[in-house]
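Step one of this worksheet: look at the structure below.
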Amino acid sequence: MSAQPSLFISHGSPMLAITPSPARTFLESYGKSLTKPRAIVIASAHFGTARPAVVADAQPDMIYDFGGFPDALYHIVYPAPGEPDVAMKVVHLLDDAGLAPGVAMNRGFDHGTWVPLSLMFPDADIPVVQVSVQPRLGAAHHVTLGRALKPLRDDNILVVGSGTASHNLYEYGRHGRSDGTPPGWVKTFDAWVRERAVAGDVEALAAYRDNAPFARENHPTEEHFVPLHVALGAGGEGTRGELLHTSYDGILSMDAYAFN
């Protein structure tokens, strides 16, 4: 069996779970195209900690970490099991990489986890282990974190970074969902990221904060972008990205990538 890819998925707004959109259609279709993994290890933008943490619950609950949305969203349940043995394997890999991980218990699936996975794997029959991000430690740290997770792919475990390719909620609030045509500063940033992701330019992407045009306008904070670096790192040395999908929800870029 060939190794699973590592993926960066843009989950955008929680409304992705219940509203038709190109990104929703992509996730539903792409999940069906993958060889079924034995487990999923996912780094979500909505699970931030000072140092890496790995959720080891056997039966994670749900977290509805948003407000002011339709009632239907608060009734969605994604009943995928956890996998404590895989969680401990992740802990050991991160520890071997010198990242001083911890184990988290009694933490449910946040919407960065359950929204995309409920579309990709609606049967909820694949164990899911969540890994935290450390936004204040920057992009290069998350490349290292991803590289530590690379061996999982050879064990039929899918590594996923779940964020959003551009994520400025202040500007999203001003522009709303609009007509799907983003401003130039979003498209310029996206083009820069796409070129370097497809080329596998790890160095440039790790230093995107200094090098990418409009980096801070697209990501005033880094939690929604560093999941891309986890996926990039898990691709391993010499990885190149494949742009799987591109669309926009207002000013939010919904790009998705696979790294092999």
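The values are calculated or read from the model by the stated rules, or taken from the named source; none is laboratory data. Note that the structure is a prediction, hence the values are computed from the model and not measured. Here the Cβ positions follow ideal geometry from the backbone for every residue, glycine too, while neighbour counts run over all protein chains shown. With ligands, DNA and RNA removed, areas are computed over all heavy atoms of the protein, side chains included. Shrake-Rupley method; radii C 1.70, N 1.55, O 1.52, S 1.80 Å.
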Original post:
Where is the GNM fluctuation largest for the chain (alpha-carbon springs, 10 angstrom cutoff): 132, 247, 29?
Top reply: 29
Original post:
Considering only protein heavy atoms, what per residue accessible area in square angstrom results for the chain with a 1.4 angstrom probe?
Top reply: 40 Å²
Original post:
Straight-line reach from residue 89: which aspartates and glutamates have Cα under 17 Å away, leaving out those fewer than 8 places along the same chain?
Top reply: 57, 154, 155
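Which loop chymotrypsin sites (Phe, Trp or Tyr not before Pro) in segment 1-97, with loop taken from DSSP, have no more than 16 other Cβ atoms within 10 angstrom of their Cβ?
Numbers: sites: 8, 26, 30, 47, 64, 66, 74; in loops: 64, 66.
Hits after loop and neighbour filter: 64, 66.
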Original post:
Once Kirkwood radius over Cα pairs in Å is worked out from the coordinates, which option in (1) 17.9; (2) 21.0; (3) 21.9 does it equal?
Top reply: (1)
Original post:
Evaluated at 37 °C with a viscosity of 0.692 mPa s, what Stokes-Einstein diffusion coefficient in µm²/s does segment 105-221 have when Rh comes from the Kirkwood expression over alpha-carbon pairs?
Top reply: 198 µm²/s
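When Lys and Arg each count +1 and Asp and Glu each count -1, what net charge do the other residues less than 9 Å away from residue 253, Cβ to Cβ, add up to? Each step should come with its number before you reach the end.
Details: positive: 187; negative: 190, 249, 255.
Around residue 253, the surrounding residues sum to -2.
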Original post:
By the scheme Lys and Arg +1, Asp and Glu -1, what is the net charge of all other residues having a beta-carbon under 11 Å from that of residue 94?
Top reply: +1
Subject >> Length released on extending from residue 34 to residue 61, taking residue separation times 0.36 nm less the Cα-Cα span >> reply: 7.2 nm
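Assuming R0 = 25 Å, what is the FRET efficiency of residue 124 and residue 154, from their Cβ-Cβ distance, to the nearest 0.05? List each step's numbers first, then the result.
Details: r = 25 Å, r/R0 = 0.99.
The value I calculate is 0.50.
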Original post:
What's the FRET efficiency of residue 210 with residue 243 using the Cβ-Cβ distance as r and R₀ = 25 Å, to the nearest 0.05?
Top reply: 0.60
Original post:
Taking 0.36 nm per residue of separation and subtracting the Cα-Cα distance, what length does fully extending residue 88 through residue 73 add?
Top reply: 2.3 nm
Subject >> Backbone HN-Hα couplings from phi across segment 40-45 [Karplus 6.51/-1.76/1.60, Hz, Gly and Pro as x] >> reply: 10, 10, 10, 9, 9, 4
Original post:
Once you put a point 7 Å from the Cα of residue 221 and another 7 Å from the Cα of residue 103, both along the Cβ direction, what distance in nm separates them?
Top reply: 2.9 nm
Original post:
If you count the DSSP beta bridges with both ends in the chain, what percent of them are antiparallel, to the nearest 5?
Top reply: 35 percent
Original post:
Karplus couplings for segment 242-258 from phi (6.51 cos²θ - 1.76 cosθ + 1.60, θ = phi - 60°), rounded to Hz, Gly and Pro as x?
Top reply: 10, 6, 8, 7, 9, 6, 9, 10, x, 9, 7, 7, 9, 4, 9, 9, 10
**OP:** Return the carbon/sulfur percentage of the accessible area of segment 1-112, one whole number, probe 1.4 Å, all protein chains in place.
**Re:** 55 percent
